[in-house]
Amino acid sequence: MNIREVLRQTVSSMAAHKLRSFLTMFGIIWGITSVILLVGLGKGFSRDQKERLKTIGVDLAIIWGGRTSEQAGGYAAGRLVQLSIRDAYLIKDEAYLIKTVSPELRRSVAEVSRYNAASRPVRGVWPEYQRFRSLKVQEGRLMSEDDEKDGRRVVVLGVESRDQLFPGKPAIGETLMMNGSPYTVIGVLEKKKQNGSYGSGPDNTQLFVPYSAMARDYPPGERPGIFKGWINNLVVEVADPEQHEEAMLQVYRILGREHHFDPNDKDALFIWDTLDGSKLTERIFEVMTTFFGAVALMTLSLGGIGVMNIMLVAVTERTREIGVRKSLGATAADIRNQFFAESAALMVISGAIGLGFGIGICMLASNVDLPDIVPHPVLSMPAIAISLLTLGLITVGAGMYPAQRAAALSPIECLRQE
């Protein structure tokens with residue numbers, strides 16, 4: 001029997017059992033689609049999280065003073081470490097593995113514009129902070145070195161702050177009274193899709209001013225542990241990600257010398273390391289994507305078992321037909337080829353449809369606006385390759401066993417079947 005005849009009989013068999021063929025194919029279609037879609041969603045989650053982590057900053061460490069847990073230099077354990085502006089200058093001058101540093105002084109002050117009032121958090125920072133914290137303006141400009149050097153009363157607004165203080169009105173060039181001091185609005189930030197933050201909240205809600213102006217106009221209130229030059233925290237940018245750990249050790253050594261604690265005392269400073277956070281997030285989503293892919297491949301495998309069961313049922317139903325064909329000269333190879341071709345055809349057709357659905361859904365979803373909590377799926381070529389490889393293995397496994405069963409039947413026993 002030639003290939004053309006095998007294909008003709010395969011099409012005739014599928015046409016004779018349309019509903020059964022469709023239900024059998026549906027499991028494979030859904031399996032292939034789910035592999036592509038679930039892996040794509042996992043990778044989409046991972047990509048979105050990476051992009052949102054970048055809004056906080058890349059290769060950054062946010063440093064707060066902690067409490068010493070060891071004695072050092074004649075000083076007792078259990079001391080609070082209070083950071084100051086001097087620490088920022090020491091790191092800037094001595095830590096060659098640190099690319100940039102900025103102090104951060106945070107206050108909540110009363111803000112009054114011509115149109116509205118608010119009491120939003122204000123951050124006093126050095127100009128370089130804006131670059132490594134990924135602050136970008138949609139209107140106006142960012143703070144400059146001259147603004148910091150001269151202590152100018154200028155302010156950059158987060159988009160939510162702008163919407164509250166200048167609802168529907170131009171903000172650039174306007175005067176904003178902050179605790180009675182007039183500040184000029186020089187910029188409005190782009191809206192950020194920001195999952196995480198530290199301190200007083202997401203950047204969209206903040207106001208940013210030069211550190212020198214804030215330290216002069218709004219020094220922290222006198223209370224235990226607070227002194228002139230006190231800052232909330234430091235933010236440092238590592239020069240080379242490959243030397244991230246060495247850079248952090250350098251910071252510990254410099255601040256340990258300044259504040260009299262052992263550089264190996266990890267409790268002396270509290271550090272939020274965005275590189276470590278990025279690596280942890282990446283590992284989490286890799287595991288999640290692998291789990292999604294495994295579930296989808298299991299679904300595909302179950303679809304293959306369904307195909308094998310249906311083909312075994314077909315062998316039983318067509319036992320007499322097999323006997324007639326063998327008695328007319330069909331060989332065992334002809335019977336085996338026929339049944340294997342039918343199962344392979346089901347697999348190939350349903351696999352092609354599933355592949356089309358999976359790729360189509362990913363491409364469609366990537367070009368439409370989705371809610372923030374729903375990621376845009378990423379088309380993964382490895383997922384497509386693995387799904388097709390799995391489909392090929394299932395095709396051989398699910399098709400060959402029923403075909404062998406059919407080929408092994410005796411013509412005499414087949415013809416006795418009613």
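The values are calculated or read from the model by the stated rules, or taken from the named source; none is laboratory data. Since the model is a prediction, treat every value here as computed from it, not as a measurement. Neighbour counts run over all protein chains shown; Cβ positions are idealised from the backbone, glycine included. When the accessible area is computed, the model is the full protein with side chains, heavy atoms only, and any ligands, DNA or RNA have been set aside. Shrake-Rupley method; radii C 1.70, N 1.55, O 1.52, S 1.80 Å.
Taking the condition surrounded by 19 or more Cβ atoms within 10 Å (Cβ to Cβ), among the small types (Gly, Ala, Ser) and either without any contact (Cβ under 8 Å) to a residue 24 or more places away in the chain or under 24 Å from ASN232 (Cα atoms) (or both), does GLY124 pass?
Here the answer is yes, as GLY124 does meet what is asked.
Out of curiosity, is SER343 hydroxyl-bearing (Ser, Thr, Tyr), assigned to a helix (DSSP H, G or I), crowded, with 18+ Cβ neighbours inside 10 Å and in contact with a Pro (Cβ under 9 Å, 6 or more places away or on another chain)?
Against the criterion (hydroxyl-bearing (Ser, Thr, Tyr), assigned to a helix (DSSP H, G or I), crowded, with 18+ Cβ neighbours inside 10 Å and in contact with a Pro (Cβ under 9 Å, 6 or more places away or on another chain)), SER343 qualifies.
Taking only pairs six or more apart or across chains, which ones have beta-carbon atoms under 7 Å, a first residue in segment 17-38 that is open to solvent by 20 Å² or more (accessible area, probe 1.4 Å), and a second residue that is in a loop (DSSP other than H, G, I, E, B) and at pLDDT 75 or above?
From segment 17-38, the pairs are LEU37/PRO377.
Between a residue in segment 296-313 that is under 12 Å from THR395 (Cβ atoms) and in contact (Cβ under 8 Å) with a residue 24 or more places away in the chain and any residue that is open to solvent by 40 Å² or more (accessible area, probe 1.4 Å) and not in a helix (DSSP H, G or I), which pairs come within a Cβ distance under 9 Å, given they are 6 or more apart or on different chains?
Pairs found: none.
Is it true that some residue in segment 268-276 is open to solvent by 40 Å² or more (accessible area, probe 1.4 Å), at pLDDT below 85 and in a helix (DSSP H, G or I)?
There is at least one residue in segment 268-276 that is open to solvent by 40 Å² or more (accessible area, probe 1.4 Å), at pLDDT below 85 and in a helix (DSSP H, G or I).
Can you tell me which residues in segment 128-148 are surrounded by fewer than 19 Cβ atoms within 10 Å (Cβ to Cβ) and either part of a loop (DSSP other than H, G, I, E, B) or more than 33 Å from the chain's Cα centre (by Cα) (or both)? Let's see the steps before the verdict.
From segment 128-148, those surrounded by fewer than 19 Cβ atoms within 10 Å (Cβ to Cβ) are 128, 131, 134, 136-142, 144-146; that's our starting set.
Result: SER134, LYS136, ARG141, LEU142, SER144, GLU145, ASP146.
Pick from segment 153-171 the residues that are in contact with a Phe, Trp or Tyr (Cβ under 6 Å, 6 or more places away or on another chain) and within 12 Å of PHE208 (Cα to Cα): which of them is most open to solvent (accessible area, probe 1.4 Å)?
Residue satisfying both the conditions and the ranking: ARG153.
Taking segment 149-162 as the region of interest, how many residues are part of a helix (DSSP H, G or I) and either at pLDDT 95 or above or closer than 20 Å to PRO182 by Cβ (or both)?
4
Take the residues of segment 288-314 that are under 17 Å from ILE29 (Cα atoms) and of a type in the set (Val, Ile, Thr): which is farthest from the chain's Cα centre (by Cα)?
Ranking the qualifying residues of segment 288-314, first place goes to ILE310.
Of the residues that sit in segment 186-204 and are more than 17 Å from ILE62 (Cβ to Cβ) and modelled with pLDDT of 80 or more, which one is farthest from the chain's Cα centre (by Cα)?
Taking segment 186-204 first, the residues more than 17 Å from ILE62 (Cβ to Cβ) are 186-191, 193, 204.
Now restrict to residues that are modelled with pLDDT of 80 or more: 186-191, 204.
Values: ILE186: 33, GLY187: 30, VAL188: 27, LEU189: 23, GLU190: 21, LYS191: 19, ASN204: 21 Å.
Taking the candidates together, the pick is ILE186.
Condition first: more than 29 Å from MET288 (Cα to Cα), open to solvent by 40 Å² or more (accessible area, probe 1.4 Å), of a type in the set (Gly, Ala, Ser) and modelled with pLDDT under 80. Can you find one or more residues in segment 400-414 that meet it?
As a first pass, look at segment 400-414 and keep what is more than 29 Å from MET288 (Cα to Cα): 400-414.
In the following step, the residues that additionally are open to solvent by 40 Å² or more (accessible area, probe 1.4 Å) were identified as 400-401, 404-405, 408-413.
Of the ones still in play, those that are also of a type in the set (Gly, Ala, Ser) are 408, 410.
With modelled with pLDDT under 80 added as a condition, the list becomes 408, 410.
Yes; the residues of segment 400-414 include at least one that is more than 29 Å from MET288 (Cα to Cα), open to solvent by 40 Å² or more (accessible area, probe 1.4 Å), of a type in the set (Gly, Ala, Ser) and modelled with pLDDT under 80.
Among the residues in segment 87-107, are any aliphatic (A, V, I, L, M), open to solvent by 10 Å² or more (accessible area, probe 1.4 Å) and farther than 26 Å from GLU242 by Cα?
no
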